[in-house]
2 protein chains.
Amino acid sequence: MDRENKVLNDDDDIESYSEKDMDERIYSQPLLTKRRNTTSQIAIVGANACPVESLDYEIIENELFKQDWRSRKTIQIFQYVLLKWAFALIIGLFTGLVGIFNNIAVENISGFKLLMTTGLMLKHQYYKAFAALAGCNLALAAAAAALCAYIAPAAAGSGIPEVKAYLNGVDAHSILAPSTLFVKVNGIGSLNIFSNLLLLVIFTLASCAFDTASLIGQGGSRKYHLTWKWLRYFKNDRDRRDLITCGAAAGVASAFRAPVGGVLFALEEAASWWRSALLWRTFFTTAVVAMVLRVFIQLCSTGTCGLFGEGGLIMYDVSAAKVSYSVPDILAVILLGVIGGIFGSLYNYLVDKVLRTYSLINEKGPAAKILLVVTISLLTSICSYGLPWFATCIPCPTDVSSRCPNIDVSGNYKSFQCPPNHYNDMASLFLNTNDDAIRNLLSTSTSKEFHLSTLFIFFCAVYCLGIITYGIAIPSGLFIPVILAGAGYGRLVGRLFEPITKLDVGLFGLLGAASFLGGTMRMTVSLCVILLELTNDLLMLPLVMLVLLISKTMGDMFNHGVYDQIVKLKGLPYMEAHAEPYMKHLVARDIVSGPLITFSGVEKVGNIVHALKTTGHNGFPVIDEPPFADSPELCGLVLRSHLLVLLKGKIFSKDRVLAGDELVRRIFSFDFAKAGSGKGVKLEDLDIEDEEMEMYVDLHPITNASPYTVVETMSLAKAAVLFRQLGLRTCAWYQRVRGGLQLSES
Amino acid sequence: MDRENKVLNDDDDIESYSEKDMDERIYSQPLLTKRRNTTSQIAIVGANACPVESLDYEIIENELFKQDWRSRKTIQIFQYVLLKWAFALIIGLFTGLVGIFNNIAVENISGFKLLMTTGLMLKHQYYKAFAALAGCNLALAAAAAALCAYIAPAAAGSGIPEVKAYLNGVDAHSILAPSTLFVKVNGIGSLNIFSNLLLLVIFTLASCAFDTASLIGQGGSRKYHLTWKWLRYFKNDRDRRDLITCGAAAGVASAFRAPVGGVLFALEEAASWWRSALLWRTFFTTAVVAMVLRVFIQLCSTGTCGLFGEGGLIMYDVSAAKVSYSVPDILAVILLGVIGGIFGSLYNYLVDKVLRTYSLINEKGPAAKILLVVTISLLTSICSYGLPWFATCIPCPTDVSSRCPNIDVSGNYKSFQCPPNHYNDMASLFLNTNDDAIRNLLSTSTSKEFHLSTLFIFFCAVYCLGIITYGIAIPSGLFIPVILAGAGYGRLVGRLFEPITKLDVGLFGLLGAASFLGGTMRMTVSLCVILLELTNDLLMLPLVMLVLLISKTMGDMFNHGVYDQIVKLKGLPYMEAHAEPYMKHLVARDIVSGPLITFSGVEKVGNIVHALKTTGHNGFPVIDEPPFADSPELCGLVLRSHLLVLLKGKIFSKDRVLAGDELVRRIFSFDFAKAGSGKGVKLEDLDIEDEEMEMYVDLHPITNASPYTVVETMSLAKAAVLFRQLGLRTCAWYQRVRGGLQLSES
């Protein structure tokens, strides 16, 4: 029952645990139900645990719903549709603005930091320079960690695994809180800019958009008195899910300036459930994001955004290089893909191990969290300032257009400690914003710019730092560290293959990044499009596809994608799209245990309260019995949350009679609208007197007369597919019928 | 019952027809079943009609299947997975090769034709020139039409609507025949190259790939003795569907040299059912296509492919133009999108009307078909040769790099009848291959190249020719005519807006093409990526997205997408993803009619034969009765095709006993593997003696014990979602239980 709460402590055998968990989770009780903890049981669990509930993606077609649906006027339906699009627009605008705000802040703050460091370096005040750099990083990191630790613990990490789980139907509490959004925006926008910590934040943008979406989806926040009546139509998990899908797409689109890539990311990685109307809305959202970005880039090109200057829609343009497809090129690329896939899956393995260790530390409280962040930040500062000292100075090439050496904020050819007309290649990579470092690694026609040894050291350092950085208590992402490490690796391989291939080392950098991304994330089409939109080189497409296919295949041999791993590690009961092989050998009957609790069509209040108290089931079948029916027959399914609302309404009658008509007059569909997670009526809120316990309540109006059902001989595999494809949470289950429908106990 | 066969004759009211048809189709009988005609009933229908059956996408988990599944060795499973990928590889290779072959043939044949015409023009033999042009066109068109009319009528048209319907679960017979593939390849590859007929063929490539896929999927053709035993695992509709999805993606990828666009096309437009594993396989297939194309383009760049010379992976490169985003630009683009959307939906409307007219003509037999093709071909020749005479000659610009006037095969600035140093702008568009015409329309920094009047006449002519050309009996597509008309329209608008906008007219051409595509096809993401891959200008992405959104919205106000329209017009019972609003008011019980026919677990042979003869149902529920069960209970569902195989095997017993064990020893899962459509055992093939009619047969081994079921109070909308999401064909239906399970008649 509280299995899901043993999150991150369970070090022994997660693999077998989750398989066992699988059955229990989905098909727990005589009533087939995707059972996660229900609200009332969360209270039992300690504060550190992660309470998990299922989302109701099914339309509950009960009498009240049908009545409401019939009475809806055309104008209301139109309003509803319009609102959906308006929300998509708002999400797009907001995400675009946050993306730009974040970008400008990053460029300015880290630019300032680098300028200061470089200034002190020029005056040969090397210790002061280090102090400035480390101090800046430390302050930013500590502030972000504090925000994260004290205000919104859910804001830590990239947010993608949570989004993925949410769209799969897992409702992990605090993801949706407005405070999470606040911390995310602030954390990534201004504080967490110790960007040399290598984990820029790209991906949190996605969860940012996701949070906005969910905030809208909740119809405003009740806590901050921001709730609107006309949002009541959106008070259900289905519409929230759609908004959050749009949010995920918008986030990626904004982070990479890749609108189509964003849509595909939402489709391939995030969403468990998809329909064509959603594709269109998502596309609209990312188009808005693209427009916003475009407008701001135009505005900033005049120099009004401080140090954020150039940078068009294409972040790392490599289109200048000539692509060749000779046999040695292809062979080199295949080798690159194979090794990249292996490194990628190793990355996943190590991230997993590190996350398990960190979860032990993070459990010790906010202070421990902050301490961890500070340690990592210091380590990063030491690496990025210390390692360049080992590099030998290189004389500036004479034929390049960019300034050399460069004491500016961005660009290649950092001077560091080198004499005039020399540059430090290691510093060009380490003492730079991530964007610039990637740009340098992907720069074409500059094959000799970096020493082989520099590339090797950089790759190793970034690979390790990336692994130990993810999982500390700040909003951070995986994409940028992986791209950095991959680009370094690719450029290294490119240098090694230089004698036999005509492909530019910059393009090798791109392919290396692709191989790492494919090896860790295991996406194909969306990564392909994102990389295309990042680098603007369509002619590379066949090679990028090849590398992605190879590295994904290699990676899949060893372990799962990194987001799947994290979802599993967090104990979120993610439901896979396909059934496990062992399920084919079981039937629905096999995994049912314990007595079945049903209600009569007109049930005694006391019975209902008792059932709600003693069980954690989310749904109960309703059986019509004589005198209301000739023989016992299944009337439908009633949900816990609806029962609670009904009981709170206290529309009871003394006698056992059908009181549905009166009930329908006094209670409305909106009363049953689902509030944000954990905000609905709770069992403890009920205040039912003893005499009321003996009264009756008519369950017919709130009974879902269209439950999906399975026969008990249905194989488990097919039942799982049913659950997943239709996004079900509960499913009535027909027991073997022996002279009548036996949906009662035993 | 034979409603679906009144295809294309039914001129009065298709709209209401298909709504009424909807219920009947899906929920026909007491047994809820997506009923299309079953094999036995097709014979009744005339030869002209289009017999429609449903595909079985559900896994039939009967005893035989389970046994087979348990006995499968790891090596066999590995072999199966490997084969899947091998097939994807083969489809990719084949499609890529056909694409290249087609391209080379087009360039060479139409190049030869144009060279001849131009040569005669230079000698001032104008009538001879026309005769040569029209003669070539006529011969090619007539040959393609003859192939199409006599050998494979299903090869006519673009094939996309058929693929779409197939993936939705509609099995329209002859689409899958190998002869169709043959005609497609030949028709598009070499014959149907009267490319000035404006309908180049792009899209048939998709159905080509689709045919290959289905040929593989059928495990070789039995007719041509090409069947392999190790393909037996693929003898089911599920795997066939997967292969065909790959084929659709590969076709588009090959036609537009757009691998990612191909995947997205398959996802957004073609497939009704999707899973992430399929995404990956499709991606692999298109990657193979991209590789094949790349290799051949490299090979041909040395001039070994005749007139097929340059042309890289990017077909119409516009990346040279500078993109601007000022307010007037945006306004102009919005207006362009609005008008383009309206023209697009008008296009759909007219295509629909023309198709209805043509279907009357085509019904009259092959000769009428060929005559129609010849007429259209002549009309096209007259247009393309006659209209340039009205254009005034333009002096050659002095500052262009390309030759002017040009008497070469491809390129701008056709000389036609003009004096030296002048060119005929109308001839540059009409007397060219489609590819070159589009390239000319999208050419940037040449804003004055075409007269306003030329663009207007070209747009009108192409718009009308495109409409009357689709639907004649040759393999032809919709994409290229729409792009041509759209590019002409866009360039026209660009010229008109020249005073106020800074956007290049070539880019306006691109946006015009986008608006027409959006207005007719109503796709978003896939069109966006295809256009991106065609033109290689990422900076245009936000504008292309904007135009697509606007034109799709405009178009949706008036009618459906063109492929949806054609599917409907062909009478293919396509099942929409979402339920119609009226379905919410009905429950499953409401649409059930007629008596329910069930079988006992051990049934008399005579009863089965009788039921198969008198009904057209595809599935029958099996009820276990005493003595095999305590009370009547649902055992599962048995399929018509399986019953036929069982009866053919003649494993009967004299007494009413459970003979399942013996049966399982004598009959294997493979015997029930589904042959290609219309090739399974037919009722007429059975030869059962009178005494055998009195014997019994045990149905348990072939009974699917895991049928999906619905309760009778289930709303129709939810039942429809169940059918669509799970790809069901038949679904057991629980009647209201009155003292026992009444799944028997009445």
Of A:Val602, A:Val664, ordered by accessible area with the largest first and a 1.4 Å probe, the sequence is A:Val664, A:Val602
Roughly how many Å² of B:Arg439 are accessible to a 1.4 Å probe, to the nearest 10?
-> 90 Å²
For the stretch A:327-569: rounded, prolate or oblate by the Cα gyration tensor [a/c cutoff 1.5] = oblate
Once the label point is placed 7 Å from Cα along Cβ, list for B:Asp590 the distances to the corresponding points in the other copies, in nm, shortest first.
-> 4.0
Ascending list, in nanometres, of distances separating the A:Phe456 label from those of the other copies (7 Å, Cα toward Cβ) | 7.2
Relative contact order for the stretch A:327-569 using alpha-carbon pairs under 8 Å, separation at least 6, rounded to a whole percent?
-> 28 percent
Could you state the orientation-averaged shadow area of the convex hull built on the Cα atoms of the stretch A:512-605, in nm² to one decimal?
-> 11.7 nm²
Taking the convex hull of Cα positions in the stretch B:614-657, its mean projected area over all directions (nm²) = 3.9 nm²
If the label point sits 7 Å along Cα→Cβ of A:Ala577, residues of the stretch B:248-276 with amide N under 19 Å come out as B:248-250, B:260-276
Label-to-label distances across copies for A:Ser301, with labels 7 Å out along Cα→Cβ, in nm, shortest first?
-> 3.1
Along Cα→Cβ, 7 Å out, is where each label goes; now give me the distance between the ones at A:Leu89 and A:Phe101 in nm to one decimal.
-> 2.0 nm
What GluC sites (Glu not before Pro) does the stretch A:511-610 have in DSSP loop regions with at most 15 other beta carbons within 10 Å?
-> A:Glu576
Full extension from B:Ala320 to B:Lys448: what is 0.36 nm times the residue separation minus their Cα-Cα distance, to one decimal in nm?
-> 44.4 nm
Using only Cα atoms, locate the centre of the stretch B:86-104 and the centre of the stretch A:353-393, then give the distance between them in Å, rounded to an integer.
-> 52 Å
Loop-resident sites, the stretch B:316-369, for trypsin sites (Lys or Arg not before Pro), counting at most 14 other Cβ within 10 Å (DSSP) | B:Lys322, B:Lys364
Assuming a ≥ b ≥ c are the square roots of the Cα gyration tensor eigenvalues, decide whether the stretch B:538-655 counts as rounded (a/c under 1.5), prolate (otherwise, with a/b larger than b/c) or oblate.
-> prolate
Kindly report, to the nearest 10 Å², the accessible surface of A:Asp556 as traced by a 1.4 Å probe over protein heavy atoms only.
-> 70 Å²
Can you tell me the Rg and the Dmax, both Å, for the Cα atoms in the stretch A:97-143?
-> 12.4, 40
Under 5 Å from the placed amide H of B:Val587, counting only residues 5+ away or on other chains, we find B:Leu716
Once amide hydrogens are built 1.01 Å from N within the peptide plane, the residues lying 5 or more places from B:Ala473 or on another chain with amide H under 5 Å from its amide H are B:Val373
Would you grab the residues whose amide H sits under 5 Å from the one on A:Cys635? Only those 5+ places off in sequence or on another chain, please, with H modelled 1.01 Å from N.
-> A:Val622, A:Ile623, A:Asp624
Rounded, prolate or oblate: pick one for the stretch A:424-547, where a ≥ b ≥ c are the square roots of the eigenvalues of its C-alpha gyration tensor, a/c under 1.5 means rounded, and failing that, prolate if a/b is larger than b/c, else oblate.
-> oblate
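The values are calculated or read from the model by the stated rules, or taken from the named source; none is laboratory data. What you are looking at is a predicted structure, and each value in this text was computed from that prediction instead of being measured. When we count neighbours, we look across all protein chains shown, and the Cβ atoms used for this are built from the backbone with ideal geometry, even at glycine. Just so you know, the surface numbers come from the protein's heavy atoms only, side chains and all, with ligands and any DNA or RNA stripped out. Shrake-Rupley method; radii C 1.70, N 1.55, O 1.52, S 1.80 Å.
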